[in-house]
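The values are calculated or read from the model by the stated rules, or taken from the named source; none is laboratory data. As the structure is a computational prediction, the values presented were derived from the model and not from experiment. Glycine gets a Cβ as well: all are built from the backbone with ideal geometry, and neighbour counts include every protein chain shown.
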Amino acid sequence: MPKYIVHFAQYHEDFRLAELDALSTLEGVPIKYDRESYSPESPFLIVEIESSEQARKLARRGILLRKIVEYWGCAETYGQLFAEVKQTPERWDEYMTCSFKFMVEGFGRSLTLEEQVAVIESFSFLGFKGPIKMKNPDVEFSVCEEYGETDKPVPPKSPKRIWFGRLIAQGSRDLISKFDLKKRKYLGNTSMDAELSLVMANQALARPGALVYDPFVGTGSFLLTCSHFGAFSMGSDIDGRQIRGTAGFRRGVNGIKANLAQYDLADRVLDTVVFDICRNPWRRGTKFDAIVTDPPYGVRAGAKRLGRKNGTVPEVSFKIIDGVENYKRDDYYPPTIPYEMSDVISDLLNFAAQELVVGGRLVYWLPTVADEYDHKDIPSHPALRLVANSEQPFGSWSRRLVTMEKITEVEPSAASSPAPGHEPAHKNFREKYFNRFEPLPSDPSKQ
Amino acid sequence: MRLITHNMLKCHVRNCTDPDKQFPLRFENAELEQIEAERNDEFLVRMIPRLDWPALVKTATALGIALPASIPETPSEDDDFLQKLHTTILETHVKEGSMFCDGCGHEYKITNGIPNMLLAEHEI
């Protein structure tokens with residue numbers, strides 16, 4: 001298959017290959033690449049794709065994928081690069097009379113205008129006769145000098161490599177600005193940032209005709225991005241105030257509905273319902289194409305479920321107030337108990353195994369403690385296959401975006417299992433977080 | 001709340017387990033609103049097998065909406081059917097009102113289009 005250069009954004013490096021694979025699956029574009037040649041420090045990867053048409057399809061929803069360039073050469077010096085390009089002069093004929101443009105960039109170093117012009121002039125051997133056109137040329141060529149990231153004040157004199165090719169397609173990074181939280185009408189303190197919300201929609205394969213569900217919907221960030229890509233979506237949350245907009249930032253804008261109006265997604269964001277996912281009212285036969293969610297870790301948002309703590313005075317739910325039993329009143333909030341992180345996750349996996357269609361995806365965030373993380377921490381389930389696991393580090397802790405695919409239908413009794421005898425690092429995450437990840441007094445083995 | 005969502009919700013009070021009684025939930029004092037939405041046939045056709053058709057017909061009838069008693073052989077080719085389906089499940093919203101369970105009598109209230117399905121502590 002012909003070679004192309006995938007040019008990634010240099011952010012969320014651990015998520016890039018996962019997104020590339022998701023786009024390949026989503027768009028039905030088979031690709032081949034050498035895993036060993038991928039480096040988190042480089043934004044470039046050579047990928048084999050069947051055609052430019054396919055490459056265009058692959059790139060169109062890319063968030064961490066900036067653009068795809070048809071491979072014309074890659075070398076350590078311009079001399080070697082020109083030699084490589086000169087091996088296929090028959091390629092140049094097609095563009096002889098086209099209007100064209102050269103885009104010259106540096107990765108790890110900014111090139112001055114003079115330097116860019118000098119580079120462009122050095123390619124005059126191509127002999128293009130057409131006019132130079134800066135806006136919407138017939139063809140655009142891309143030169144990128146890869147210096148690499150450095151923390152030294154002065155970047156290296158010469159690039160590690162120079163990449164050259166013909167621009168095929170750009171991704172959709174412009175969506176990040178569109179969904180920027182700073183512009184969003186309604187948000188809360190746990191709303192997920194736009195870039196990652198969009199990546200999650202790709203991981204979930206959100207597409208027209210699909211039904212996506214978020215069981216911890218909060219202020220609805222994932223409903224927006226999944227529905228933007230054509231999926232229909234639904235959400236639920238134990239906290240009705242987040243959904244309705246009667247708590248959190250920007251009170252009085254009518255909650256999630258304000259965002260639906262802002263992004264014109266009211267047609268496809270179907271509904272939000274208030275209930276506890278542990279006691280959910282979905283009937284048998286309900287099926288979702290994807291479940292996309294950020295469960296509460298108990299740090300900023302207290303994870304809770306319906307129930308009563310041991311030792312507390314039973315609430316008088318039946319107490320009559322103004323002629324009506326307390327539990328029937330509009331302002332009744334049933335008592336809740338803390339919902340421990342590893343229970344949240346194992347319940348989520350069991351729920352997904354039941355309610356997803358076969359081939360459907362579960363995409364969720366898992367908080368982990370950096371020092372203690374072990375691959376075994378990623379919960380498994382007999383009906384779910386692990387597709388991707390990408391880390392966003394925050395120093396002493398990280399969160400991981402886990403993608404799983406349902407591979408088989410389940411009997412209601414099949415359940416998720418942590419590795420036997422293994423206590424995952426995200427157990428009691430909240431206590432660890434507030435204890436700054438120092439060993440807990442109750443755990444002598446770690447002192 | 002759209003009727004598609006209502007078709008997916010059952011009563012989940014503890015010990016209320018008679019499938020004929022706990023679903024579909026019965027509307028009372030339902031304030032309806034029709035909001036036009038773009039039709040997406042791919043989605044409609046995918047959803048048909050996931051709907052409980054008899055329950056949908058029962059609910060629609062109670063609200064004064066006509067739906068065919070059974071799904072046509074090839075729904076993807078039946079424009080009329082798809083239009084009726086689209087209008088019923090995606091364009092019909094219940095803004096205010098209540099949903100009652102015929103099994104245990106529990107009332108789920110709908111406010112501003114959002115149903116509250118939290119259970120009281122003696123019901124979990």
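A few remarks follow.
- As a summary of the residue check, A:Gly130 satisfies the conditions (1) more than 20 Å from A:Ile46 (Cα to Cα); (2) modelled with pLDDT of 95 or more; (3) surrounded by 13 or more Cβ atoms within 10 Å (Cβ to Cβ) except for the one numbered (2).
- Considering residues of region A:323-332 that are part of a loop (DSSP other than H, G, I, E, B) and more than 8 Å from every other protein chain (Cβ to nearest Cβ) only, the residue farthest from B:Glu121 (Cα to Cα): A:Gly323
- Of A:Leu64, A:Leu81, all but one fail to be crowded, with 19+ Cβ neighbours inside 10 Å and in contact with a helix residue (DSSP H, G or I) (Cβ under 7 Å, 6 or more places away or on another chain); the exception is A:Leu64.
- When A:Met103 is tested against (1) closer than 17 Å to A:Ile132 by Cα; (2) part of a loop (DSSP other than H, G, I, E, B); (3) of a type in the set (A, V, I, L, M), just one condition goes unmet, and that condition is (2).
- Which listed residue is of a type outside the set (A, V, I, L, M, F, W, C) and more than 20 Å from A:Arg305 (Cα to Cα), from A:Asp371, A:Asp347, A:Asp343: A:Asp371
- Among the residues making up region B:1-35, a single one is exposed (fewer than 15 other Cβ atoms within 10 Å of the Cβ), touching a residue at least 24 places away in the same chain (Cβ under 8 Å), within 11 Å of chain A (Cβ to nearest Cβ) and not hydrophobic (A, V, I, L, M, F, W, C): B:Arg14.
- Counted residues, region A:333-360 - those being assigned to a helix (DSSP H, G or I) and touching a residue at least 60 places away in the same chain (Cβ under 8 Å): 12
- Whether a residue is modelled with pLDDT of 95 or more and away from every other protein chain (no Cβ under 11 Å) was assessed, and B:Leu90 does not pass this test.
- Of all the residues in region A:254-279, those that are within 7 Å of chain B (Cβ to nearest Cβ) and touching a residue at least 24 places away in the same chain (Cβ under 8 Å) number 8.
- Matching residues in region A:397-447 - criterion: being among the polar types (S, T, N, Q) and either assigned to a strand (DSSP E or B) or at pLDDT 70 or above (or both): A:Ser398, A:Thr403, A:Thr408, A:Ser417, A:Asn428, A:Asn435
- Any hit, region A:184-202, residues being over 22 Å from A:Ala22 (Cα atoms), touching a residue at least 24 places away in the same chain (Cβ under 8 Å), among the charged types (D, E, K, R) and surrounded by fewer than 17 Cβ atoms within 10 Å (Cβ to Cβ): no
- Candidate set: region B:108-124, residues that are more than 7 Å from every other protein chain (Cβ to nearest Cβ) and either touching a residue at least 60 places away in the same chain (Cβ under 8 Å) or part of a loop (DSSP other than H, G, I, E, B) (or both); chosen: the one farthest from A:Pro281 (Cα to Cα): B:Gly113
- Members of region A:39-72 that are among the β-branched types (Val, Ile, Thr) and either touching a Phe, Trp or Tyr at 6+ places or on another chain (Cβ under 7 Å) or modelled with pLDDT under 95 (or both): A:Ile46, A:Val47, A:Ile49, A:Ile68, A:Val69
- Within region A:1-30, the set of residues being polar (S, T, N, Q) and free of Cβ contacts under 8 Å to residues at least 40 places away in the same chain comprises just one member, A:Ser24.
- In region A:280-293, the residues that are free of Cβ contacts under 8 Å to residues at least 40 places away in the same chain, surrounded by fewer than 22 Cβ atoms within 10 Å (Cβ to Cβ) and within 7 Å of chain B (Cβ to nearest Cβ): A:Arg283, A:Gly285
- Residue within region B:57-71 that is assigned to a helix (DSSP H, G or I), within 29 Å of A:Gln242 (Cα to Cα), of a type in the set (S, T, N, Q) and touching a residue at least 40 places away in the same chain (Cβ under 8 Å) present: no
- Looking across region A:89-137, the residues that are touching a strand residue (DSSP E or B) at 6+ places or on another chain (Cβ under 8 Å) and polar (S, T, N, Q) come down to A:Ser99, A:Gln116.
- Residue in region A:141-148 that is loosely packed, with under 14 Cβ neighbours inside 10 Å and touching a Ser or Thr at 6+ places or on another chain (Cβ under 7 Å) present: no
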